[in-house]
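> What follows is a single structure, and I will ask about it in a moment.
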Amino acid sequence: MKVIIIGGGIGGPLLALALQQRNIDCTIFEARSQDALDGGFVALAPNALRVLERVGVYDRIAKQGWNYEEFQMLSSRNLNQIAAVLNGSQKKYGYKALRISRGIVRQTLLEVLRERDIQLRYNSKCINIEETDRSTVVATFADGHTEEADFLVGADGIHSRIRNYLEPNAIPKFSGQMGIGGSLERSKLPSSSQSMYMPCLILGKLNSFMLMPCTYTGDRVGCFATVESHDRSREEWSKLQTDRPALYKALQCHHQDEHWPDVVHAASKNIDESSLMLWPFYKVPELTSWMSRTGRVILIGDAAHAMPPTGGQGAAQAHEDAITLADTLASLANKEVAHLEVLRKWESTRQERVKKILAFTSKGGDMRKSSVSTFRQILKEWTMWAYFLWLGPDAGLSWIYDHDTKRDVV
Ligand SMILES: Cc1cc2nc3c(=O)[nH]c(=O)nc-3n(C[C@H](O)[C@H](O)[C@H](O)COP(=O)(O)OP(=O)(O)OC[C@H]3O[C@@H](n4cnc5c(N)ncnc54)[C@H](O)[C@@H]3O)c2cc1C
């Protein structure tokens with residue numbers, strides 16, 4: 001069996017590592033060049049870390065980020081705690097949660113691909129695919145060359161060309177919120193907040209502000225504001241993304257119309273301008289299917305179900321898709337089974353889980369929406385306090401974090 005993977009972001013390399021473990025031949029084709037960098041940070045929950053362990057890279061990645069268990073939500077009015085939630089737990093889930101640079105996760109995966117002699121071809125933008133009557137798929141690349149394989153997996157992110165082949169009308173929808181932020185040295189925060197517990201999300205009347213250590217020692221803190229915004233075209237977003245002075249100004253402006261604690265002002269003011277980035281929250285509409293009619297073209301990760309970051313599960317679901325698809329393809333390679341039936345079962349199991357994750361993610365987005373008055377803000381804080389108290393320390397999230405992909409094998 002031969003598999004072509006389109007996209008060398010997060011899901012593509014993970015799928016390749018998992019396929020090689022199962023003796024399946026694969027090559028990754030990535031549109032960007034080898035020196036392309038990824039900005040921003042991800043929070044990897046235990047369900048994602050369990051997948052990294054299965055492909056043998058967990059220890060290497062965990063040593064490069066901030067390992068933590070509790071995540072606190074605080075009020076912007078007085079920094080009083082609204083709730084504390086377990087994002088990870090060595091005891092309960094077998095893993096702490098990990099906050100880490102997206103670039104480090106990707107670069108480490110690419111390093112391991114090289115060590116294990118898995119082919120990744122850069123500057124290879126897939127522009128067309130075609131299914132043949134030989135039960136294969138042919139991919140055409142921008143430089144004119146073609147590749148043929150038994151299966152083609154689209155791990156090409158939110159603006160997926162492969163999804164466009166399967167469902168041309170599935171256009172990502174803006175959620176009305178965006179993140180603006182970057183990172184700074186923790187020592188640049190006021191001395192009064194040096195001992196403040198982080199990671200924390202400070203909830204204000206008009207928006208929210210996240211503070212999260214993002215290095216192993218915690219000497220660097222990532223921070224970003226989630227603010228409401230109108231939609232823009234892809235070109236307009238890209239232009240704004242590269243305009244660092246405008247991003248810096250937008251970050252300062254977000255808290256000018258209400259009272260915010262000193263730590264938020266200091267973090268916004270002292271942020272490293274070179275780390276600034278903008279992240280509009282888009283969601284891919286629910287697709288009828290993640291596969292072509294023949295099952296030879298398959299989507300995973302953001303291409304299938306990009307979601308806002310408000311549940312911290314976008315990357316984690318790409319991890320789960322990758323490893324479960326590798327298990328499924330391996331079961332096809334080993335037996336004479338009806339491949340379409342097996343793949344449909346994989347698809348429905350994954351779709352069911354992603355649907356539940358999306359509902360949870362929307363709740364996280366609602367929590368960060370603006371309140372029309374200070375009274376409404378206080379009412380929201382008390383409602384959240386009572387809700388999380390009732391849920392208990394795991395906040396009812398063990399169905400997300402406890403998930404073991406080994407149990408998904410068809
Ligand atoms: C700033 C930021 C912060 C985030 N924070 C979090 C977080 O805290 N928690 C979380 O779970 N998730 C987070 N995410 C989301 C997470 O990064 C994505 O869910 C995850 O990267 C999805 O992986 P993927 O492999 O599906 O797509 P991607 O990582 O986007 O990779 C897609 C790859 O495909 C390539 N490609 C595209 N088109 C083509 C083509 N035609 N031919 C060849 N290659 C192509 C792209 O260049 C890219 O390398 C964040 C994302 C951003 C941008």
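> Quick check on this structure: which one of 362, 348 is within 23 Å of the chain's Cα centre (by Cα), surrounded by fewer than 21 Cβ atoms within 10 Å (Cβ to Cβ) and within 16 Å of the ligand (Cβ to nearest atom)? Explain how you work it out, then say what you get.
Details: 348 fails: within 16 Å of the ligand (Cβ to nearest atom).
After applying the criteria, what remains is 362.
> Can you name the residue in the stretch 127-141 that is without any contact (Cβ under 8 Å) to a residue 60 or more places away in the chain and in contact with a strand residue (DSSP E or B) (Cβ under 9 Å, 6 or more places away or on another chain) and, of all such residues, is nearest to the ligand (Cβ to nearest atom)? Give the derivation first.
Filtering the stretch 127-141 for residues without any contact (Cβ under 8 Å) to a residue 60 or more places away in the chain gives 127-128, 130, 132-134, 138, 140.
Remaining after also requiring in contact with a strand residue (DSSP E or B) (Cβ under 9 Å, 6 or more places away or on another chain): 127-128, 130, 132, 134, 138, 140.
Working: 127: 7, 128: 10, 130: 15, 132: 20, 134: 23, 138: 15, 140: 11 Å.
So the residue we want is 127.
> Could you tell me which of the residues 149, 170 is out of contact with any helix residue (DSSP H, G or I) (no Cβ under 9 Å at 6 or more places or on another chain) and within 30 Å of residue 288 (Cβ to Cβ)? Walk me through how you get there before you give the answer.
On the way: 170 fails: out of contact with any helix residue (DSSP H, G or I) (no Cβ under 9 Å at 6 or more places or on another chain).
Just a single option satisfies the conditions, and that option is 149.
> While we're here: Considering the stretch 235-256 alone, what residues qualify as being under 25 Å from residue 364 (Cα atoms) and not aromatic (Phe, Trp, Tyr)?
If the condition is that a residue be under 25 Å from residue 364 (Cα atoms) and not aromatic (Phe, Trp, Tyr), then 241, 247, 250, 251, 252, 253, 254, 255, 256 are the ones that fit.
> So in the stretch 47-61, with the set limited to residues that are open to solvent by 10 Å² or more (accessible area, probe 1.4 Å) and either out of contact with any Asp or Glu (no Cβ under 7 Å at 6 or more places or on another chain) or assigned to a strand (DSSP E or B) (or both), which one is farthest from residue 403 (Cα to Cα)?
At the first step, the residues of the stretch 47-61 found to be open to solvent by 10 Å² or more (accessible area, probe 1.4 Å) are 50, 53-54, 56, 58-60.
Now restrict to residues that are either out of contact with any Asp or Glu (no Cβ under 7 Å at 6 or more places or on another chain) or assigned to a strand (DSSP E or B) (or both): 53-54, 56, 58-60.
Details: 53: 14, 54: 13, 56: 18, 58: 16, 59: 19, 60: 22 Å.
This residue is 60.
> Sort out which residues of the stretch 282-324 are more than 9 Å from the ligand (Cβ to nearest atom), crowded, with 21+ Cβ neighbours inside 10 Å and acidic (Asp, Glu), and write them in order of number.
Passing the criteria: only 320.
> Looking for something within 13 Å of the ligand (Cβ to nearest atom), under 19 Å from the mean Cα position of the chain (by Cα), surrounded by 16 or more Cβ atoms within 10 Å (Cβ to Cβ) and part of a loop (DSSP other than H, G, I, E, B) - is there at least one such residue anywhere in the stretch 18-34?
yes
> Restricting to the stretch 145-180, name every residue that is assigned to a strand (DSSP E or B), farther than 30 Å from residue 251 by Cα and either more than 9 Å from the ligand (Cβ to nearest atom) or free of Cβ contacts under 8 Å to residues at least 40 places away in the same chain (or both). Write out each step before concluding.
Residues of the stretch 145-180 assigned to a strand (DSSP E or B): 146-149, 151-154, 173-180.
Those left that are additionally farther than 30 Å from residue 251 by Cα: 146-149, 151-154.
Matches in the stretch 145-180: 146, 147, 148, 149, 151, 152, 153.
> List every residue pair whose Cβ atoms sit under 7 Å apart, with the two residues 6 or more apart in sequence or on different chains, where the first one lies in the stretch 36-54 and is charged (D, E, K, R) and the second, anywhere, is near the ligand (Cβ under 8 Å from one of its atoms).
As it stands, the answer is 38/102; 38/106, since those pairs meet every condition given.
> Taking the stretch 197-223 as the region of interest, how many residues are open to solvent by 30 Å² or more (accessible area, probe 1.4 Å) and either over 20 Å from residue 260 (Cα atoms) or at pLDDT 95 or above (or both)?
Of all residues in the stretch 197-223, those open to solvent by 30 Å² or more (accessible area, probe 1.4 Å) come to 197, 205-206, 215-217, 219-220.
After this cut, where a residue has to be either over 20 Å from residue 260 (Cα atoms) or at pLDDT 95 or above (or both) as well, the list is 197, 215-217, 219-220.
Qualifying residue count, the stretch 197-223: 6.
> Something else about it: When you look at residue 218, is it in contact (Cβ under 8 Å) with a residue 24 or more places away in the chain and touching a Gly at 6+ places or on another chain (Cβ under 6 Å), yes or no?
Values: in contact (Cβ under 8 Å) with a residue 24 or more places away in the chain: yes; touching a Gly at 6+ places or on another chain (Cβ under 6 Å): no.
Judged against the criteria, residue 218 is not a match.
> In the stretch 5-17, what residues are near the ligand (Cβ under 7 Å from one of its atoms) and part of a helix (DSSP H, G or I)?
Taking the stretch 5-17 first, the residues near the ligand (Cβ under 7 Å from one of its atoms) are 6-12.
Passing the criteria: 11, 12.
> Right, next: Is it true that residue 230 is at negative phi and not in a helix (DSSP H, G or I)? Quick ask: steps written out before the conclusion?
On the way: at negative phi: yes; not in a helix (DSSP H, G or I): yes.
In short, yes.
> Under 6 Å between Cβ atoms, at least 6 apart or on separate chains: pull out the pairs that start in the stretch 1-29 with a residue that is without any contact (Cβ under 8 Å) to a residue 40 or more places away in the chain and end on any residue that is of a type outside the set (Phe, Trp, Tyr).
Pairs that qualify, where the first residue is without any contact (Cβ under 8 Å) to a residue 40 or more places away in the chain and the partner is of a type outside the set (Phe, Trp, Tyr), are 25/2.
> With respect to residue 242, is the statement that it is within 22 Å of residue 79 (Cα to Cα) and hydroxyl-bearing (Ser, Thr, Tyr) true?
no
> Further question: Only residues in the stretch 109-126 that are over 15 Å from residue 322 (Cβ atoms) and part of a strand (DSSP E or B) count as the first member; pair them with residues that are of a type in the set (S, T, N, Q) and within 15 Å of the ligand (Cβ to nearest atom), Cβ under 7 angstrom, at least 6 apart or cross-chain, and list the lot.
119/27; 121/27
The values are calculated or read from the model by the stated rules, or taken from the named source; none is laboratory data. Nothing here was measured: the structure is a model prediction, and the numbers come from that model. Methodologically, a virtual Cβ is constructed for each residue, glycine included, from the backbone with ideal geometry; neighbour enumeration extends over all protein chains shown. Side chains included, ligands, DNA and RNA excluded: accessible areas come from the protein's heavy atoms. Shrake-Rupley method; radii C 1.70, N 1.55, O 1.52, S 1.80 Å.
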